[in-house]
Amino acid sequence: MKDSQTILKKGELELRRCGEKDIETLVYLLSCGRRQMLSRGFEQWDEGFVSQTSALEILRRGEAYVIYADGTPCCTAQFCLREEPEYEAIRGEGWRCNSFMAVHRVASDPSVPVKGKGNLVFAFAAEYARLCGRRSLRIDTADENTAMQRCLARNGFEMRGRVTLATGEDHPAYELILTEDE
C-alpha cells in the first residue's frame, strides 16, 4: 500500500494506517520517541529499532499507524493482531483475556501542541481493537520507562507479569480488558 488509509476519525484527530509514502514520518516519530527516552536516561530502543529498515518491516505488515491532529502527524504506534510468541510465556498473574491486540512502538512528536498524546494512542488502539473483534490490549515496556507506566495506569492497564523479549530483555507486561471473555 503506497498511500495511508484513514481507519478512525474523531473531530480533528485521525488514525491512519501508514502507507509506503509515510516511511519518513514514521521514522521521524519513532526517532522522537527514542530521543525522549534517552533524555530520561535510558535506552529502550536502539538505533536499529527506529531505522528505516525496521519501520518498513512493520509498515509492510500493515501494523504501522499514525495519529494526525489537524493534518499534522503527532503520534505513532504499532498495532499487532498476530500472535506474539514473547507474550505466551508470561510470568506472574498471567493474561486475563486471549483475544488481544498488542501495542508496540508508541511515540510522539513533542513539538506538536496536543495534550495527552499517550491517552490518544490508547483510545484509538482500544477502538480499533474492538472493531477487529479483540477484547483486550497488551503492551510491555522497560522498567525504566516510568512515563509509559504512568500513562498505562491512567488508561486502565494492569500489570499482569513479566515477559522476556527476543533480545533477552525482561519487561513488565500490561493488559487492558476492553470486554470480558464470553
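The values are calculated or read from the model by the stated rules, or taken from the named source; none is laboratory data. This is a predicted model, so every value here is computed, not measured. Quick reminder, even Gly has a Cβ in these numbers, built from the backbone with ideal geometry, and neighbours come from all protein chains shown.
Selection of the range 132-171 for residues being aliphatic (A, V, I, L, M), at pLDDT 95 or above and in contact with a strand residue (DSSP E or B) (Cβ under 8 Å, 6 or more places away or on another chain) yields Leu137, Ile139, Leu152, Met159, Val163. Scanning the range 160-182 for residues that are of a type outside the set (Val, Ile, Thr), touching a residue at least 24 places away in the same chain (Cβ under 8 Å) and assigned to a helix (DSSP H, G or I) turns up nothing.
I'd like to know if the range 111-120 contains one or more residues that are modelled with pLDDT of 95 or more, farther than 25 Å from Leu59 by Cβ and in a loop (DSSP other than H, G, I, E, B). Within the range 111-120, not a single residue is modelled with pLDDT of 95 or more, farther than 25 Å from Leu59 by Cβ and in a loop (DSSP other than H, G, I, E, B).
Evaluating Met101 against the criteria (1) closer than 29 Å to Ile23 by Cα; (2) modelled with pLDDT under 95; (3) not small (Gly, Ala, Ser) leaves one unmet condition, (2).
Taken together, the residues in the range 115-142 that are in contact (Cβ under 8 Å) with a residue 60 or more places away in the chain and either in contact with a Cys (Cβ under 7 Å, 6 or more places away or on another chain) or of a type in the set (D, E, K, R) (or both) amount to 2. Of the numbered criteria (1) at pLDDT below 95; (2) within 13 Å of Cys75 (Cβ to Cβ), the one Glu88 fails is (2). Every condition in (1) surrounded by 18 or more Cβ atoms within 10 Å (Cβ to Cβ); (2) in a loop (DSSP other than H, G, I, E, B); (3) on the phi > 0 side of the Ramachandran plot is met by Arg105 except one, and the failing one is (2). Checking the structure you have, find out if any residue of the range 2-15 is closer than 20 Å to Lys115 by Cα, touching a Ser or Thr at 6+ places or on another chain (Cβ under 8 Å), modelled with pLDDT of 90 or more and part of a strand (DSSP E or B). Among the residues of the range 2-15, at least one is closer than 20 Å to Lys115 by Cα, touching a Ser or Thr at 6+ places or on another chain (Cβ under 8 Å), modelled with pLDDT of 90 or more and part of a strand (DSSP E or B), which makes the answer yes.
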